[in-house]
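Just so it is clear, none of the values below were taken in a lab; they were calculated from the coordinates. If you're wondering where the values come from, they're calculated on a predicted model, not measured in any experiment. FYI the Cβ positions are ideal-geometry reconstructions off the backbone, even for glycines, and counts take in every protein chain you see.
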Amino acid sequence: MNSMTSIASKFQHIKLLVLDIDNILTDGKIIYSESKAEIKNFSVLDGLGIKLAQKCGIKIGAISARKSDVSMHRLNELKFDFASVGHKNKIDELVKYQTKMDISMHETAYMGDDILDLKIIEKCGLSFTVPQALFSVKREVDYVTVLDSGNGAVREVIDLIINKQKKKNIIKDFLKELK
């Protein structure tokens with residue numbers, strides 16, 4: 001993991017934030033009801049953070065190795081720019097969407113927690129993980145969040161990006177619109 005001062009300049013270039021879903025947007029637990037319905041926990045802090053990032057012109061995407069209708073419902077609700085589930089080769093999926101959006105690896109931030117995320121973490125411009133991530137992932141990322149997965153970690157990352165890009169005025173304007 002790098003120090004915050006050594007990664008400060010990387011924040012300036014970020015146009016796209018891509019998230020793993022399970023154990024990043026959720027707390028990593030999957031609960032099945034008696035009727036076999038899947039239940040996951042998502043944080044409203046993260047949800048509002050995603051909306052704020054979009055307001056600041058940052059595109060948001062998700063790539064997960066696991067298919068989940070519950071996850072897709074949440075991503076659609078938040079109007080992600082792209083979502084890809086059921087793909088273990090995450091790097092190829094990312095490149096496909098980057099090409100469509102004309103965004104480079106240098107302009108991409110990624111947040112993941114497991115070995116399937118390592119290829120993207122190695123290539124993207126800025127990388128993040130959560131305290132619950134594997135040690136092998138924590139060792140490779142630029143920043144490990146203070147907040148836990150599914151409990152504001154994504155919001156923490158978004159707030160860092162917005163602050164480092166000096167886009168706080170956009171947030172202030174957004175809050176004024178709510179009044």
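Here are a few things to note about the model shown:
- Single unsatisfied condition, His87 versus (1) buried (at least 22 other Cβ atoms within 10 Å of the Cβ); (2) touching a helix residue (DSSP H, G or I) at 6+ places or on another chain (Cβ under 7 Å): (1)
- Ser6 vs. criteria under 26 Å from Phe135 (Cα atoms) and surrounded by 17 or more Cβ atoms within 10 Å (Cβ to Cβ): no
- Scanning segment 121-130 for any residue that is assigned to a loop (DSSP other than H, G, I, E, B), surrounded by 19 or more Cβ atoms within 10 Å (Cβ to Cβ), small (Gly, Ala, Ser) and under 15 Å from the mean Cα position of the chain (by Cα) turns up at least one such residue.
Quick grid of which residues meet (1) part of a helix (DSSP H, G or I); (2) under 17 Å from Asp148 (Cβ atoms):
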{"position": "Gly28", "(1), (2)": "no, yes"}
{"position": "Ser35", "(1), (2)": "no, no"}
{"position": "Asp46", "(1), (2)": "yes, yes"}
{"position": "Gly49", "(1), (2)": "yes, yes"}
{"position": "Leu52", "(1), (2)": "yes, no"}
{"position": "Gly57", "(1), (2)": "no, no"}
{"position": "Ala62", "(1), (2)": "no, no"}
{"position": "Lys67", "(1), (2)": "no, no"}
{"position": "Val70", "(1), (2)": "yes, no"}
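- Only listed residue being farther than 30 Å from Ile39 by Cα and either touching a strand residue (DSSP E or B) at 6+ places or on another chain (Cβ under 6 Å) or not in a helix (DSSP H, G or I) (or both), chosen from Lys100, Lys172, Lys79, Lys166: Lys166
- Scanning segment 29-47 for residues that are surrounded by 15 or more Cβ atoms within 10 Å (Cβ to Cβ) and more than 17 Å from Arg66 (Cα to Cα) gives Ser43, Leu45, Asp46, Gly47.
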